[in-house]
1. Roughly how tilted is helix 3-16, in degrees to the nearest 10 and between 0 and 90, from the longest Cα axis of the chain?
2. Show that you can apply the helix-only estimate: for the chain, add -39,500 (n - 2.57) for every DSSP H stretch of four or more residues, divide by all residues, and state [θ] at 222 nm to the nearest 500.
3. About the Cα centre, and with charges only on the beta carbon of Lys, Arg (+1) and Asp, Glu (-1), how big is the dipole of segment 33-76? Nearest 20 debye, please.
4. Compute, for the chain, the length of the dipole vector about the Cα centre, with Cβ point charges of +1 (Lys, Arg) and -1 (Asp, Glu) only. Units Debye, rounded to 20.
5. Rounded to the nearest 10 degrees, what's the angle between the helix 58-75 long axis and the longest principal axis of the chain, both from Cα atoms, 0 to 90?
6. How big is D for the chain, in µm² s⁻¹ as a whole number, if Stokes-Einstein is applied with the Kirkwood radius of its Cα pairs at 25 °C and 0.890 mPa s?
Amino acid sequence: MDPETLNSSFKLFLAENPGIIILLIWIVICKAFALWYSARRGQKIWFVALLIVNTMGILEVGYLIYIYFKNRKDSK
């Protein structure tokens, strides 16, 4: 398959499935926040896990929720 045909097929796929673009943006934002928080807190294991494992944002959101509730509990 030549590169031009592959490029056209990819553009057609994205045009027919705009949810893919939204999903990719969601994944990047969640991953960025989760990596930033884990690095800031010095949690090396979480940082590596979040960096390597790609779960379409599920692990990242779970981590952010965990941190939110842990911080909330610690501040009381």
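Throughout, read-outs are computed from the coordinates displayed, never taken from laboratory work. From a predicted model like this one, the values you see are computed outputs, not experimental measurements. Heads up, the Cβs are rebuilt from the backbone with ideal geometry, glycines too, and the neighbour counts pull from every protein chain shown.
1. The angle comes out near 60 degrees.
2. Numbers: 4 runs with 64 residues, N = 76.
After summing the helix terms and dividing by residue count, I get -28000 deg cm²/dmol.
3. Numbers: 7 positive and 2 negative charges, 54 e Å.
So the dipole magnitude of segment 33-76 works out to roughly 260 debye.
4. Working: 9 positive and 5 negative charges, 168 e Å.
I would put it at about 800 debye.
5. Tilt relative to the chain: about 20 degrees.
6. Details: Rh = 14.5 Å.
Using the Kirkwood radius from Cα pairs, D works out to 170 µm²/s.
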